[in-house]
Each structure stands twice: as structure tokens, then as C-alpha cells.
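Bear in mind these aren't lab numbers, they're just calculated from the coordinates by the rules spelled out. Predicted, not measured: the structure shown is a model, and the values here were computed from it. All Cβ positions, glycine included, derive from the backbone under ideal geometry; neighbour counts span all protein chains shown.
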Amino acid sequence: MTFECSSTATSGTIGVDIPVCHSYSPPRVSGVTASRKLLICPKYAPSSAVEVEVAYQLVGAAGAPVVLVQGGISAHRSVCAPYPDAAPGWWEPLVGIGKAVDLHHFRVLSIDWLDAEACSAQSVSSEDQADALAGLLDALFIDKVHTFIGASYGAMVALALASRHPQRLERLVLIAGAHQPHPLASAQRAIQRDIVRLGLASGRVDQAMSLARQLAMTTYRGTGEMAQRFQGEAEQIDGCWRRPVEVWLQRHGERFAQSFTAQHFLALSESIDLHSIEPETIRVPTRLIGFSSDRLVPLADLFQLQQRLGVTASMDVLDSPYGHDAFLKEYDRLTPILRDALDHGTH
């Protein structure tokens with residue numbers, strides 16, 4: 001199968017040193033990073049159709065089944081390094097040669113999230129992201145996806161794709177994402193957005209983005225991890241008393257402010273809270289993965305989703321101290337679950 005790419009595309013081959021017998025050659029693994037212009041009908045746009053540019057990455061063995069992988073709102077198309085010497089992707093420990101999502105057996109497709117500006121719309125919805133993915137599959141001549149692995153916001157988009165384009169998916173693996181946001185999580189995100197809007201109005205955008213991220217970090221992580229990790233007395237730093245957890249929060253906030261624009265953050269944060277899918281419409285075999293300490297997507301929400309899905313679904317619960325961010329921490333424990341889901345299905 002041949003894939004056409006834009007003139008700005010970059011590609012290469014991932015090499016690996018493994019002992020092989022003379023009768024076996026590992027599949028050639030290649031990667032492409034490119035973009036496509038597609039037409040979608042955004043949910044909150046005044047016009048019927050809008051042209052959007054979807055930036056994507058496709059990496060893996062030529063002709064292998066395709067796995068969609070999407071993460072949270074700060075994730076991007078670089079799930080793993082697409083070619084030698086490239087920077088590591090955000091899920092590098094789980095996606096690669098010989099890893100949970102083995103690039104010798106699968107091709108991994110992922111996109112950068114669209115925001116409201118990209119959609120020429122007032123807001124962007126999880127359905128818009130799903131339609132963009134469906135359009136990209138058409139453009140790349142991919143009839144059906146073997147598995148959609150979605151984590152956090154990615155799980156919401158996976159549900160939207162399964163609801164709107166069920167014929168494009170064989171199965172879903174949903175990690176820490178549900179059919180609707182929890183009200184407490186929505187309240188916390190609303191405060192974050194108001195902080196950023198205040199920063200835009202006052203000309204202190206970087207400080208506002210940092211504070212919003214710091215607040216978000218307190219919701220991503222579990223109380224057990226916080227208690228274990230940030231013992232110690234307060235110290236005076238720049239004339240203020242700071243406990244160890246404050247230094248950690250400030251570092252994360254400053255890093256986020258440098259890498260994320262305010263408008264992009266506002267659009268995607270809002271998109272989470274606009275998300276609503278009727279589980280009964282989902283007929284794609286589904287496997288759910290939740291974390292005991294997750295306060296953003298409580299297990300109760302995942303159990304409700306499991307019960308309401310229009311198909312029998314299995315669920316794995318991991319007892320982890322890392323809260324919602326466990327999908328970025330519990331790599332060793334997620335590896336066998338993902339391998340099993342990819343190799344043997346969802347049940």
C-alpha cells in the first residue's frame with residue numbers, strides 16, 4: 001500500500017539490532033510525519049463544511065494492521081520516534097519495536113488535536129476530532145483500524161469515533177476516559193480556564209498558563225503519590241516559604257506555558273467538558289482500563305460506561321498511586337494488558 005504525503009513530510013526507517021536466523025528477516029519499519037487537508041463539518045461551526053489541516057504520524061511495518069493511539073489534550077502525533085535519532089515520543093515506553101504495541105506487527109497512526117481556530121468554529125468537539133480521524137483514514141486508504149487505544153481525552157475521541165463511524169473500528173481500548181466528564185473535574189477545569197482568560201485580559205498569559213497547569217497537576221496525580229513524594233519542610237525561596245510540592249508544581253507550570261498556547265489550551269479543555277456520548281450507541285468491542293486513585297475519571301464513571309455500552313465490555317482496574325496520570329507511569333503493568341488486547345481481542 002502506498003501513502004501520499006505532503007511536501008513537508010519527513011520519513012525514515014527505524015533500525016534495530018536483534019539476532020535473527022537466516023530464514024527470517026524482521027519487517028521493515030518506517031515512519032512518516034505529514035499533514036493532510038480534509039473537509040469536516042464542525043459541530044459548533046456556522047458553515048456546513050470546513051477545510052482543516054490534520055497533522056499526523058504513521059509508523060510501523062509496511063502493510064501491517066493499523067492501531068490508532070491518542071492521548072490527553074497535551075499529547076501530540078509523536079507517540080513514538082518515527083525515525084532514527086528523532087526525539088522520543090510521549091508514549092515511547094509502550095510503542096516501538098518489541099514493546100506493547102509492537103511496530104513489527106502494527107502500524108501506529110496518531111494526529112495532533114484540532115482546536116477551535118483550526119475548525120473555524122466557536123468550539124471544538126470530540127466528534128470533530130473523530131470526523132477528522134475518519135477523513136484521514138479515507139485519505140490514507142485505510143478501510144478499518146485494528147484497535148483504537150485512547151487515553152484520557154483520546155478515550156473520549158475513541159468513543160466518538162465508535163459512535164459516528166463504527167465500521168472503521170474493530171475494537172476499542174479506553175484508558176481513563178468515559179462517555180462524559182465528571183462534574184467535579186469540570187469544575188476544576190472551569191477554574192483553570194478562568195485563570196487563563198484573566199491572564200489574557202491582564203497581559204500575564206505565561207503566568208496564568210503556569211498557574212492553570214499547576215492546578216491541573218494537583219488533579220492528575222493521586223494523593224498517595226503526593227504524600228510519599230513530597231515529604232520535607234518548607235524552605236525560603238525568593239523571599240517566600242515554599243514546600244517541596246510547590247517547587248515541583250512551578251516547574252511543571254513553567255514548562256507547560258512555554259509549549260502550549262492559551263487559545264489551544266482553552267479550546268481543548270472546553271472540549272473535554274462539552275463531550276457527551278450515549279454509551280448505548282457503541283457496538284464496537286471494548287476494553288476499559290481504570291485506576292483506583294484517578295479523581296478526574298473515577299472508577300464509578302467507568303463502571304457506568306461499562307454497564308451502559310451497547311456491547312459486552314471487559315474492564316481492568318489497576319491499583320496505582322499515580323491517579324489519572326497512571327497511563328503515563330504504569331508502563332510495566334499496562335504492557336501485558338495492551339498486548340493481550342491487541343493479540344486476543346477485548347474479552
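Given H placed on each backbone N at 1.01 Å, which residues far from Ser35 in sequence or on other chains put an amide H within less than 5 Å of it?
Ser6, Tyr56
How many percent of all Cα-Cα pairs in the stretch 69-191 sit more than 22 Å apart? Don't skip to the end; give the middle numbers.
Numbers: 2762 of 7503 pairs.
The share of Cα pairs beyond 22 Å in the stretch 69-191 comes to 37 percent.
Per residue of the stretch 67-82, what does 6.51 cos²θ - 1.76 cosθ + 1.60 with θ = phi - 60° give for ³J(HN,Hα)? Whole Hz please, x for Gly and Pro, Karplus curve as stated.
10, 7, 10, 9, x, x, 5, 8, 7, 9, 5, 7, 5, 9, 5, x
Amide H to amide H under 5 Å from Val29: which residues, 5+ apart in sequence or cross-chain, H placed 1.01 Å off N in plane?
Hits under the 5 Å cutoff: Ile14.
When the chain is fully extended, how far beyond the present Cα-Cα distance does Ser202 get from Gln228, taking 0.36 nm per residue of separation? Spell out each step's value before the answer.
Numbers: separation 26, 0.36 × 26 = 9.36 nm, distance 3.74 nm.
Working it through step by step, the gained length comes to 5.6 nm.
Whole-Hz ³J(HN,Hα) for each residue in the stretch 247-254, computed from phi via Karplus 6.51 cos²θ - 1.76 cosθ + 1.60 with θ = phi - 60°, x for glycine and proline: what do you get?
So the Karplus estimates, Gly and Pro as x, are 4, 4, 4, 5, 4, 5, x, 5 Hz.
To the nearest 0.05, how large is the calculated FRET efficiency for Ser48 and Asp85 if R₀ is 45 Å and r is the Cβ-Cβ distance?
Numbers: r = 44 Å, r/R0 = 0.98.
The calculated FRET efficiency here is 0.55.
Can you work out the Karplus-derived ³J(HN,Hα) for every residue in the stretch 163-173? Use 6.51 cos²θ - 1.76 cosθ + 1.60 with θ = phi - 60°, whole Hz, and x for glycine or proline.
Each residue of the stretch 163-173 in turn: 6, 8, 9, x, 5, 8, 10, 8, 6, 10, 10 Hz.
Give me Asp343, Asp316 sorted ascending by neighbouring Cβ count inside 10 Å, so fewest comes first. Before the final figure, lay out the partial values.
Details: Asp343 9, Asp316 17.
Ordered from fewest to most neighbouring Cβ atoms within 10 Å, Asp343, Asp316 come out as Asp343, Asp316.
Take Trp248 and Lys37, extend 7 Å from each Cα along the Cα→Cβ direction, and tell me the distance between the two endpoints in nm.
Computed distance between label sites Trp248 and Lys37 equals 4.7 nm.
Whose amide H sits under 5 Å from the amide H of Asp316, counting only residues 5 or more places off or on another chain, with H placed in the peptide plane?
Close amide H contacts, sequence-distant or interchain: Leu288, Ile289, Gly290.
Enter the per residue convex hull volume of the chain, computed from alpha-carbon coordinates, in Å³ rounded to the nearest integer.
Values: hull volume 54.4 nm³, N = 347.
Taking the convex hull of the Cα positions in the chain, it is 157 Å³ per residue.
To the nearest 0.05, what FRET efficiency results for Thr335 and Asp194 with a Förster distance of 35 Å applied to their C-beta separation? Before the final figure, lay out each step's value.
Working: r = 39 Å, r/R0 = 1.12.
So, using R0 = 35 Å, E works out to roughly 0.35.
Distance between Cα centroids, the stretch 27-87 to the stretch 224-300: provide it in whole Å.
Cα centroid to Cα centroid, the span is 24 Å.
I need Ile282, Ile272, Ile149 ordered by Cβ neighbour count within 10 Å, fewest first.
Values: Ile282 25, Ile272 20, Ile149 32.
Listed from fewest to most nearby Cβ atoms, that is Ile272, Ile282, Ile149.
What are the semi-axes of the equivalent ellipsoid for the stretch 183-272, taken as the square roots of 5 times the Cα gyration tensor eigenvalues, largest first, in whole Å? Numbers along the way, then the final one.
Numbers: eigenvalues 117, 59, 20 Å².
The three semi-axes for the stretch 183-272 are 24, 17, 10 Å.
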